[in-house]
């Protein structure tokens, strides 16, 4: 049996939430989360199932604003750090729950060559471009195009990025669909098409604290499993060197469940010192696959809350919340500090437009870009 199947089988035996009633239907409820500075309304949609799970999506950044799930005692808590109102998302967004693109992660020097032409994109992370630049997909207001109840309640949002937006070629039309079913599966699917050859790498930047927002335990006690034998080390500015390096014998080996806090501050590894913790890409595969595969499993042992993350993408960017410094006041007035939440981003590899040996981020007219990620939520008893 493969490692992926072994882990999935272990989850099935671990005491996941009760199976759904086939006749049950999840619900989607529209609301308004606030207004943009120009007066435009920011819609929100809350998806709710019959098992005590709900997810709220806001149109600003097509973002996951909240996700509430029960612990092993049945106590529900929001496990997404962010803000209670629109103001924080406008003034200090930090990519909380956001859709990131056109090109998620970093592009070295904000510069790449594509089809023989040099493109410059905004530098907003040291010397590099991060998550699409100064006004990436996380900072624009998406259009809500469909809201549905049913076996899987869902909301679909659309954003049309014009040719030249943030320096990228081609008009890119992107759809983000969030759905929640009665099996406690939260699915996020991104689809994009272009009228001109371009580069695309879209992901979701949800910040997870399975202990619950504001819990003094933070996220460093979370047990993480990543079924990857290799990762891509970086330079001091978090740009991959181009190599694939074995995780064996390093602090990057999460093939067995390991608490993040056990090794996140082990500065003997220069990679940890570069990023002040984990902010690296794990090599799950070498290409986008037609079906989904296991990317990670995360459990908070005190509450029992957990998820498996599945996707069709070859890379997983794991970020351990290293740069929260107490200057952000978030939900419920809680101050966010280092290690309060983690991010797991299924995607293509960082700096792929500049790395010939990495899976391609190219998208041509007539093709459809697709990144489908499924968070299989569970509670261990």
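The values are calculated or read from the model by the stated rules, or taken from the named source; none is laboratory data. Just so it is clear, the model here is predicted, and its values are computed rather than measured. We place every Cβ from the backbone using ideal geometry, glycine too, and count neighbours over all the protein chains shown.
The table that follows gives values for the structure above.
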{"read-out": "Neighbours by Cβ (under 7 Å, 6+ apart or cross-chain): first from segment 233-250, at positive phi and at pLDDT 95 or above; second surrounded by 17 or more Cβ atoms within 10 Å (Cβ to Cβ) and in a loop (DSSP other than H, G, I, E, B)", "value": "242/355"}
{"read-out": "Residue match in segment 62-75 (condition: at pLDDT below 95, assigned to a loop (DSSP other than H, G, I, E, B), more than 17 Å from the chain's Cα centre (by Cα) and over 21 Å from residue 331 (Cα atoms))", "value": "no"}
{"read-out": "Segment 42-64 residues that are free of Cβ contacts under 8 Å to residues at least 40 places away in the same chain, paired with ones that are crowded, with 24+ Cβ neighbours inside 10 Å (beta carbon under 6 Å, 6 or more apart)", "value": "44/56; 44/58; 46/56; 56/65; 58/65"}
{"read-out": "Test: residue 118 is surrounded by 14 or more Cβ atoms within 10 Å (Cβ to Cβ), at pLDDT 95 or above and either under 24 Å from residue 66 (Cα atoms) or touching a strand residue (DSSP E or B) at 6+ places or on another chain (Cβ under 7 Å) (or both)", "value": "no"}
{"read-out": "Lone unmet requirement of (1) over 20 Å from the mean Cα position of the chain (by Cα); (2) within 30 Å of residue 210 (Cβ to Cβ) for residue 90", "value": "(1)"}
{"read-out": "Qualifying residue in segment 192-203 (condition: at pLDDT 95 or above, in contact with a strand residue (DSSP E or B) (Cβ under 8 Å, 6 or more places away or on another chain), within 30 Å of residue 297 (Cα to Cα) and surrounded by fewer than 19 Cβ atoms within 10 Å (Cβ to Cβ))", "value": "no"}
{"read-out": "Residues of segment 159-172 that turn out to be buried (at least 17 other Cβ atoms within 10 Å of the Cβ) and either assigned to a strand (DSSP E or B) or free of Cβ contacts under 8 Å to residues at least 12 places away in the same chain (or both), as a count", "value": "3"}
{"read-out": "Strands (runs of 3 or more DSSP E) wholly inside segment 287-381 that include at least 2 residues being crowded, with 16+ Cβ neighbours inside 10 Å and either touching a residue at least 40 places away in the same chain (Cβ under 8 Å) or touching a helix residue (DSSP H, G or I) at 6+ places or on another chain (Cβ under 6 Å) (or both)", "value": "293-299, 305-311, 315-319, 342-347, 369-379"}
{"read-out": "Filter pass, residue 105 being in contact (Cβ under 8 Å) with a residue 12 or more places away in the chain, buried (at least 16 other Cβ atoms within 10 Å of the Cβ) and touching a helix residue (DSSP H, G or I) at 6+ places or on another chain (Cβ under 8 Å)", "value": "no"}
{"read-out": "Residue 237 vs. criteria surrounded by fewer than 23 Cβ atoms within 10 Å (Cβ to Cβ) and within 30 Å of residue 166 (Cβ to Cβ)", "value": "yes"}
